[in-house]
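Worksheet: the structure to be examined is printed underneath.
Read the figures in this text as sums done on the coordinates, not as results from a lab. On a predicted model such as this, the values are computed, not experimentally measured, just so you know. Because the Cβ atoms are built from the backbone with ideal geometry, glycine has one as well, and the counts that use them run over all protein chains shown.
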Amino acid sequence: MRKGYLLIIALFLLSFISLFVGVKNISPLDLFHLTQDQQKILTVSRLPRLISILIAGSSLSICGLIMQQLTRNKFVSPTTAGTMDSARLGVLVSLLVFPAAGMLEKMAIAFAFALAGTFIFMKILDHIKFKNTIFIPLVGLMFGNIVGSITTFFGLKYNLIQSISSWLHGDFSMVIEGRYELLYISIPAIILAYLFANRFTLAGMGEDLAVNLGLSYKRIVNLGLIIVAFVSSIVILTVGTLPFLGLIVPNIVTIFRGDNIKKSIFPTAVMGAVFVLFCDILGRIIIYPYEISISLTIGIIGSAIFLYLLLGRNAHEN
Amino acid sequence: MKTKLIILVTITAAIITLFLFIDMGGYWGYILTRRLNKILAIILTGSSIGVSTIIFQTITNNKILTPNIIGLDSLYMLIQTVVVFTFGANTLTMMNSNIHFLISVGLMLVFSALLYTFLFKREGQNIYYLLLVGLILGTLFSSISSFMQILIDPNEFLVVRDSMFASFNNVNTQLLLISSVSVVLIGLYFLRFIKYLDVLSLGKEQAINLGVSYDPVVKRLLMIIAVLVSISTALVGPITFLGLLVANITYHFMGTYQHKHLFAGSIFISIISLIGAQMLVERVFHFSTSVSVIINLVGGLYFLYLLLKESK
């Protein structure tokens, strides 16, 4: 339980720091007599940034948790199951076919593609005989590559590669008032995930057992996938790709908390937020006054942690 | 078996002649040399990718993996991006192509050697761990290069973009010489190992039982794969799914487990598919797309088909 409190303290501390790190100097003491300029910076840039980090970090981690439970594989996450790549293809299609579409329409198209991609991945999983834990994420990544090659085909044809990759590159520096509000829509999805947490836990015990216990297995799996695709497409549109997040955070939390989702969903959310906040602040400090984008810092720290988990598990199994 | 090989040889010869002599117009001396260069590049990359994939699939005992997925493609992209990012696009175009080629190949080899030694040091390693670790590093490389690609000036990005896709349109004649020599040398070295592969395809335990010293042989084979893949990638650019496509068509068409036949078949089949894709790019798409995009698309769909078929 101690660790839980530590996490929450870290969350508040980092959020507080995050508000006061930036090119324009604002110190905590200024809070009592803000000039108009400082007030504006806080409401237009710093607060939206903090809020979007908290929402994106926690919701993506929860998505990873749900996916790992449903596929019963610790290495599956939106990035290793083709969800992110499909959402990216959706964004490309929306750019090509409906160039005038607003954020909501783009999100709807990206969501449809992400959902379709995730369902295809689950169908593939159903059909594969050889269910090695390591093999399944490999299949997911190959599947993601294929979807990616379709995106490249059209992106290359219409000269959209650089604009897509810069748009979907994870970066919080572009988050300002008026551009991040879409993220709020993912909060109801996360609440839904919390309400159904017990059923996801049961579904994770396998179809036979779940059905025996009176669960409508198919419906729960579909609900989980819909939540995952929905949240991933919102995050990819507003913030960009955050690699590894849905993979690492749930893994660390389940090491301490076990596989009961009801118990681990809250720590996962807090841990995800803390992790993203930490990476973001780091990226803002290292080459101050410039910034390193979040997907790079998460990519480096995340892959180090992931390799550690992977090799640690390898040693444990032998 | 002989008839099948003869069929393949005839098709290959036919498609090469078609490619060389279609739409000649005037200036046939100029056109012919350019097309011959393309053919040579296609033969080099096709045979190295086909052979390396079959070796890799025999070692891993799995028919839907390709050696490219251990992150070599992303590393290649990272090298190109870093060069353009730090020295500007002119450097990449002006740089002595031999040096550039050697640097790219060298770095990719160092990477694979590090990966192999790191993983083989651990007791009881599993080849899938090697792949997953390679994939993760690949993701890391591509997130670094995508970060740089955003900062690059759009005009310079075009240069990076060109190297993102394999293309036979501007093959460098100087590079052809170096790479043919190295591919031939590595091929000669590889001849000694062909006899082990039939045994290796029985699985690790069986192979050891039958007297193959498993670890040293597999290590050498993995190094051969790394050299072949690096050379072909540095010569034309990454074509991730070519190996997958070619190897599986080969197993299906040849219907044998003898590797000498498989290798011969895979070389011809990859040449046929590359020339076919190149002709599609030239005649149907009028250079608006690239060979690797077509191959990845077809290969990717074929991969999905294989996955679903395997289950039945």
How big is chain A by Rg and Dmax over its Cα atoms, in Å?
19.8, 66
Given pairs A:K123/B:K309; B:K2/B:K195; A:K3/A:K263; A:K123/A:K263; A:K123/B:K63; B:K38/B:K195 and cut-off 24 Å on Cα-Cα distance, the over-length ones are A:K123/A:K263; B:K38/B:K195
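For a test of the definition: using alpha carbon positions, the gyration tensor, and the 1.5 limit on a/c, classify the range B:2-311 as rounded, prolate or oblate.
Oblate is the answer for the range B:2-311, as a/c is 1.5 or above yet b/c matches or exceeds a/b.
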Within the set A:S233, A:S94, A:S163, GNM on chain A using Cα springs under 10 Å gives the largest fluctuation to A:S163
Separation of the A:I301 and A:Y184 label points, Cα + 7 Å toward Cβ, nm
2.8 nm
In degrees, nearest 10, range 0 to 90: what is the angle between the Cα axis of helix A:294-317 and the longest Cα principal axis of chain A?
40 degrees
Computed label-point distance, nm, for sites B:A13 and B:V181 using a 7 Å Cα→Cβ extension:
3.2 nm
Need one word for the range B:190-312: rounded, prolate or oblate. Basis is the Cα gyration tensor (sqrt eigenvalues a ≥ b ≥ c); a/c below 1.5 gives rounded, then a/b vs b/c decides.
prolate
Per-residue average of Cβ from other chains inside 10 Å of B:286-296:
3
Among B:L210, B:T53, B:L78, whose Cα projects farthest towards the positive end of the dipole of the range B:2-311, with charges put on the beta-carbon of Lys, Arg (+1) and Asp, Glu (-1)?
B:L210
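Using only alpha carbon pairs under 8 Å that are at least six residues apart, calculate the relative contact order of chain B and give it in whole percent.
34 percent
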Per the 1/(1 + (r/R0)^6) rule, R0 = 22 Å and r from the Cβ atoms of A:S163 and A:L104, FRET efficiency to 0.05 is 0.65
Work out the mean other chain Cβ neighbour count within 10 Å for the residues of A:137-149 and drop it here as an integer.
6
Built amide H within the under 5 Å cut-off of A:H169, gap 5+
A:T241
Any chance you could give the angle, 0 to 90 degrees and rounded to 10, that helix A:2-19 forms with the longest Cα principal axis of chain A?
40 degrees
Which whole-angstrom value gives the distance between the alpha carbon centres of the range A:140-155 and the range B:29-75?
20 Å
Neighbours of A:Q38 by Cβ distance under 14 Å: Lys/Arg at +1, Asp/Glu at -1, summed charge +1
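Considering every residue in B:147-154, what mean count of other chain Cβ atoms within 10 Å of its Cβ is obtained? List each step's numbers first, then the result.
Numbers: counts 11, 1, 5, 7, 2, 1, 0, 4.
Mean number of neighbouring Cβ atoms from other chains: 4.
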By the gyration tensor of its Cα atoms, with a ≥ b ≥ c the square roots of the eigenvalues, what is the shape of the range B:247-312: rounded for a/c under 1.5, prolate for a/b over b/c, or oblate?
oblate
Mind giving me the FRET efficiency for B:F253 and B:F118? R0 is 41 Å, r the Cβ-Cβ distance, nearest 0.05 is fine.
0.65
Run through all the Cα pairs of the protein assembly as shown and give the fraction in each 10 Å bin from 0, expressed as whole percent.
3, 15, 25, 25, 18, 9, 3, 1, 0
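Calculate, for B:M223 and B:T173, the FRET efficiency according to 1/(1 + (r/R0)^6) with r their C-beta to C-beta distance and R0 25 Å; round to the nearest 0.05.
Efficiency computed from Cβ-Cβ geometry: 0.35.
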Rounded to 10°, Cα long-axis angle of helix A:186-195 versus longest principal axis of chain A
50 degrees
For A:I255 and A:I287, extending 7 Å from Cα along the Cα-Cβ vector and measuring point to point gives, in nm, a value of 3.1 nm
Amide H of A:S293 versus every other amide H placed in the peptide plane: which residues, excluding those fewer than 5 positions away on the same chain, fall under 5 Å?
none
Go through the range B:274-286 residue by residue and turn each phi into a ³J(HN,Hα) via Karplus (6.51, -1.76, 1.60, θ = phi - 60°); whole Hz please, and just put x for glycine and proline.
5, 5, x, 5, 5, 5, 4, 4, 6, 8, 8, 8, 6
